[in-house]
Amino acid sequence: MNHFNNQVMALAGVFQAAVLVEQLARHGSIDNDEMARCIRSVLNLNPGSVEDVYEGKAGLRTGLKGLKDVLSKRGQGVSPEVLRYAMGILHAQRKLYARDDLMDTLTQLLNRAVNQYGYFDDPLHESVVGAVANCYQESVSRLNFRIRVVGNPTYLQNSRVADQVRALLLFGVRSAHLWQQQGGRRWQILFRRNRIHNTVQEMLGAI
């Protein structure tokens, strides 16, 4: 698979995180399969390919649809929060990967989270989700830039939902890093809009 297709998949991963965070913040829950897939993705530290990270293109359906809506409607009809979260994730990723100290902490905590997952064998176990959320808290949350999540305060003040939000945001940051590794740059979202849109259409059609 070429670099551009990999870029599009990784960018769809960023938007998948943004869409799911928006849903979770407003409604207090998301599809369990989607949540589990995101957790497994974060904890897959040695994937064979970009597609492996997402367990196939079908695992990116939500993100591909979100990216398609943003590109085809120029952001209209898409929640402004989704766009804000996606741009925030891209920004946070750049700042995080410039901090060696935080990256060292993140690496150590991810390895612990992988061990937790191995022990409980359930990506949705509260200890596993909590371990992934802690990875986010001790790395991305230490930056002088915060992704402010808005929604229903009743849900956001629930520790279980808060941990899921953090885990999803870390999934987004991981996707943003993959996007950058594959040559993705923010200007491409604007100047290669049509090419990205067409590739997203093709991927959705193949699922």
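The values are calculated or read from the model by the stated rules, or taken from the named source; none is laboratory data. From a predicted model like this one, the values you see are computed outputs, not experimental measurements. Here the Cβ is made from the backbone with ideal geometry for all residues, glycine too, and neighbour counts use every protein chain on show.
Some observations on this one:
- Qualifying residue in region 14-29 (condition: modelled with pLDDT of 95 or more and in a loop (DSSP other than H, G, I, E, B)): yes
- Pairing each residue of region 1-27 that is free of Cβ contacts under 8 Å to residues at least 60 places away in the same chain with any residue that is of a type in the set (G, A, S), provided the two are 6+ apart or on different chains, yields C-beta distances under 8 Å for M1/S49.
- Qualifying residue in region 179-187 (condition: in contact with a Gly (Cβ under 8 Å, 6 or more places away or on another chain) and modelled with pLDDT of 95 or more): yes
- V140, sole failed condition from (1) free of Cβ contacts under 8 Å to residues at least 60 places away in the same chain; (2) exposed (fewer than 14 other Cβ atoms within 10 Å of the Cβ): (2)
- When V70 is tested against (1) farther than 22 Å from N46 by Cα; (2) under 13 Å from the mean Cα position of the chain (by Cα); (3) buried (at least 22 other Cβ atoms within 10 Å of the Cβ), only condition (2) is not met.
- Conditions (1) assigned to a helix (DSSP H, G or I); (2) under 22 Å from F15 (Cα atoms): number failed by V114: (2)
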